[in-house]
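The values are calculated or read from the model by the stated rules, or taken from the named source; none is laboratory data. Small disclaimer: the values here were computed from a predicted structure and weren't measured. Cβ placement follows ideal geometry from the backbone for every residue including glycine, while neighbour counts extend to all protein chains displayed. SASA here: full protein model, heavy atoms, side chains in, ligands and nucleic acids out. Shrake-Rupley method; radii C 1.70, N 1.55, O 1.52, S 1.80 Å.
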Amino acid sequence: MNKEEALQEIALEIENCDICKVDKHGKAVPGEGNPDADVLFVGEAPGRTEAETGRPFIGRSGKLLRKLINESGLKEEEVYITSPVKYLPDYITPKPSDIEHGFTHFGRQIEIIDPKIIVLLGRVACLAVLKQNVSVVLRHGEIIEDNGRKYFITVHPAAALRFVKMKQTLLEDFIKLRSLVGN
Ligand code: URA
């Protein structure tokens, strides 16, 4: 089985996962992009637009994220974009149990894609992957090496749309990311 087939199998598993669907609605949003991506972007949970279409980061914050990806010299088709929680929760912030369960699918997506760098967009992405509560405000722009993987912490684009200061932070972090990914 190649990487694309393996990711498709996980997407199907997410679509049929009754645990993922508890207190959530809309379509499954497993993620999309290049199965061989060097850079993996990780968000929080799908929003309304994503749950309507089944595609990650295509609403307002997604437009900002995709713009910054393209401006970094990366191409959307080259990277992989996903979130640890695969359905839109009935509440605003996903619960720890949503994040923990989401990781049963998402952890395997990481193994399959095996990216060179994982960009953690906000607190929920950090919690899902690093298993710790991280102050993104204090630690954004940091590179963490753990378990043979490289992580880059930054703010979630939704926060950047709400707070001017966060937008500045996100823009500065993407400039740093650009040099890290060699563009
Ligand atoms: N925010 C996320 O964290 N993920 C999405 O897919 C969309 C918005």
Quick one: which of 73, 47, 54 is in contact with a Ser or Thr (Cβ under 9 Å, 6 or more places away or on another chain) and either modelled with pLDDT under 95 or within 14 Å of the ligand (Cβ to nearest atom) (or both)? 47
Test residue 10 against the criterion of being of a type in the set (Val, Ile, Thr) and over 14 Å from the mean Cα position of the chain (by Cα), and give yes or no. yes
Selected residue [more than 10 Å from the ligand (Cβ to nearest atom) and in a loop (DSSP other than H, G, I, E, B)] from 27, 67: 27
Please indicate, with yes or no, whether at least one residue in the range 115-126 is away from the ligand (no atom under 11 Å from the Cβ) and more than 13 Å from the chain's Cα centre (by Cα). yes
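Before we move on, is residue 90 open to solvent by 20 Å² or more (accessible area, probe 1.4 Å), more than 9 Å from the ligand (Cβ to nearest atom), touching a residue at least 12 places away in the same chain (Cβ under 8 Å) and under 28 Å from residue 178 (Cα atoms)?
On the way: open to solvent by 20 Å² or more (accessible area, probe 1.4 Å): yes; more than 9 Å from the ligand (Cβ to nearest atom): yes; touching a residue at least 12 places away in the same chain (Cβ under 8 Å): yes; under 28 Å from residue 178 (Cα atoms): no.
No.
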Does any residue in the range 52-69 that is touching a residue at least 40 places away in the same chain (Cβ under 8 Å) come within less than 6 Å, Cβ to Cβ, of a residue that is among the aromatic types (Phe, Trp, Tyr) and part of a loop (DSSP other than H, G, I, E, B) six or more places away or on a different chain, and which pairs are these? 65/57
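Would you call residue 83 under 12 Å from residue 45 (Cα atoms) and among the polar types (S, T, N, Q)? Write out each step before concluding.
Numbers: under 12 Å from residue 45 (Cα atoms): yes; among the polar types (S, T, N, Q): yes.
So residue 83 passes the test.
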Residue, farthest from the ligand (Cβ to nearest atom), within the range 128-155, restricted to residues that are over 19 Å from residue 180 (Cα atoms) and within 12 Å of the chain's Cα centre (by Cα): 129
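Could you list, in sequence order, all residues of the range 138-154 that are in contact with a His (Cβ under 6 Å, 6 or more places away or on another chain) and either outside any strand (DSSP E or B) or closer than 17 Å to residue 67 by Cβ (or both)? Walk me through it before giving the result.
Step one: filter the range 138-154 for residues in contact with a His (Cβ under 6 Å, 6 or more places away or on another chain), giving 153-154.
Passing the criteria: only 154.
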